[in-house]
Amino acid sequence: MKNGQTKRAVVAGGAGFLGSHLCEALLGDGVQVWCVDNLQTGQRRTVRRLEQHPGFTFVEADVIEAGFAAMLPRRVDMIFNLACAASPVQYQADPEHTLLTSVVGTRNLLRLAEQRGARFLLTSTSEVYGDPEVHPQTESYRGNVSCTGPRACYDEGKRAAESLALDFHRAGRADIRIVRIFNTYGPRMRSDDGRVVSNIITQALDGSDITIYGDGSQTRSFCYVDDLIDGLMRLMRYEGVQPGPVNMGNPAELTVAELVEQVLALTGSRSSVVHMALPEDDPRRRRPDIHRARELLGWAPHTTLTEGLRETVRWFSQLRAETAPRVLGNGSDHLVA
Ligand code: NAD
Ligand code: UDP
């Protein structure tokens, strides 16, 4: 509540993987939510259950087109900007749109924050560090990003979005927060999004070949979605002086090959592993330094990789059971093999 009024939040990208969890957490906190999404990588069915909630409104719109603001209420307290495809395969499918989403879309949302006097949170990314030469990555590291490669539409877009947000802050135009998210996974990822966790769990459950790009020695640090959402909520609520960008992720680092071993063990799958070409500019290693988040917000992830993967495997298994094609028989349904 703010001055006796229910708080209101806009979640751009709210029909995506992280956005849907955030909308749910906000509703659970008694916040009214306007979810703005163009359904590029998000899906309406992801938020279908939330649409039963009286505090939830879905607005189908592209944040690049400034007109979406007219569909939002006059009073808004918080704006979370999660709009942007996050999977390399998906953000490279339409690189121009990806870049404009981060630059023009973020400017439109910052202007909305300025007009409505709302606090603004940008979901930036560990990709601002590119293929890092400093390990683990601290917020003060300026990164090693290619501005000409296939990942640039995403990496440079997010870097520009951070610049814009901090320019609005310096000019006193908006109260802003920036979080740099490291690889996050969990239920509600799309099985076809092309990211490593969704790919290998889907492949393991299907019994099809597990695709490792390169030799599998590249590292990532995987954070479970519930931990990350807790961090986003804490950062939005943070009342101290402008903290600058804050890393959020799980510092437990492992190679892609080790991740595959864990998934094979958890699923009991007998899938074979095949090696494919490593994509251009694929970062060799990545691990967050999360001291700033700990000190400012008292935040740290609590879910182990095994616990998080188990939940994610359970969710993908359930999804497969629900969406498997069925043939209607004599009074009973027969699953098609
Ligand atoms: P996602 O692709 O599942 O969700 C992104 C959502 O934004 C989708 O619903 C999509 O339809 C929507 N969207 C894209 N462009 C839009 C536009 N122009 N206008 C309106 N809606 C638009 O991805 P996610 O994993 O949920 O990521 C959410 C945010 O967090 C992204 O901004 C991403 O860059 C950031 N992030 C995520 C991770 C991660 O590991 N999941 C890591 C770093 C940063
Ligand atoms: N990867 C892989 N097999 C896959 C998908 C991805 O080996 O089927 C690798 C990818 O090359 C990268 C890591 O897994 O090194 C993480 O990829 P993802 O697309 O999930 O996220 P990124 O961190 O690269 O943005």
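Each value in this text was obtained by applying a stated rule to the coordinates, not by laboratory testing. None of the values given here were measured: they were computed from a predicted structure. No Cβ is skipped: glycine too gets one built from the backbone with ideal geometry, and neighbour counts run over all protein chains shown.
When the P(r) of the stretch 1-90 is calculated, the portion above 20 Å amounts to 29% of the C-alpha pairs.
For ILE181, the residues whose modelled amide H falls within less than 5 Å of its own, excluding neighbours fewer than 5 places apart on the same chain, are SER124, THR125, SER126, MET248. Peptides 250-259, 175-184, 84-93 ordered by packing proxy, namely the average of other Cβ atoms within 10 Å per residue, highest first: 175-184, 84-93, 250-259.
The mean sequence distance of close C-alpha pairs (under 8 Å, at least 6 residues apart), as a share of the length of the stretch 26-86, puts its relative contact order at 36 percent. Of THR312, THR148, THR57, the residue with the greatest mean-square motion in the GNM of the chain, using alpha carbon springs below 10 Å, is THR148. Its residue count N fixes a reference of 2.2 N^0.38 Å for the chain, and the Cα radius of gyration divided by that reference is 1.00. Annotation: the residues SER191, SER124, sorted from fewest to most other C-beta atoms within 10 Å of their own C-beta, follow the order SER191, SER124. Take the Cα of SER317, step 7 Å toward its Cβ, do the same at THR211, and the gap between the two points is 2.5 nm.
To make sure I understand, if each residue's beta carbon is the centre and we count other beta carbons within 10 Å, what order do TRP34, TRP315 fall in, fewest to most? Numbers along the way, then the final one.
On the way: TRP34 22, TRP315 15.
If I rank by nearby Cβ atoms, fewest first, I get TRP315, TRP34.
Rounded to the nearest 0.05, what FRET efficiency do GLU295 and SER163 give with R0 = 25 Å and r taken as the Cβ-Cβ distance? Could you check? My answer for the efficiency is 0.55.
How large is the Rg to Rh ratio of the stretch 31-165 when both quantities use alpha carbon positions and Rh follows Kirkwood? Ratio value, two decimals: 1.00.
Scaling against 2.2 N^0.38 Å puts the C-alpha radius of gyration of the stretch 190-337 at 1.28. Database remark: amide H of LEU121 closer than 5 angstrom to the amide H of ILE79, PHE80, ASN81, ARG177 (H placed geometrically; neighbours at sequence offset of 5 or more, or on other chains; Pro and chain starts carry no H). The distance between label points at GLU307 and ARG285 comes to 2.7 nm (points 7 Å beyond Cα on the Cα→Cβ vector).
At a temperature of 4 °C and a viscosity of 1.567 mPa s, determine how fast the stretch 97-227 diffuses translationally according to Stokes-Einstein, using the Kirkwood radius over alpha-carbon pairs as Rh; express D in µm²/s, rounded to the nearest whole number.
Working: Rh = 16.7 Å.
Translational D for this selection: 77 µm²/s.
What's the exposure ranking of SER269, SER102, going from fewest to most Cβ atoms within 10 Å? Don't jump to the answer; show the numbers that get you there.
Values: SER269 19, SER102 30.
Placing the least packed residue first, the sequence is SER269, SER102.
For the stretch 282-296, the Karplus equation 6.51 cos²θ - 1.76 cosθ + 1.60, evaluated at θ = phi - 60°, returns couplings of 5, x, 6, 7, 7, 7, x, 8, 10, 4, 5, 5, 4, 5, 6 Hz by residue, with Gly and Pro reported as x.
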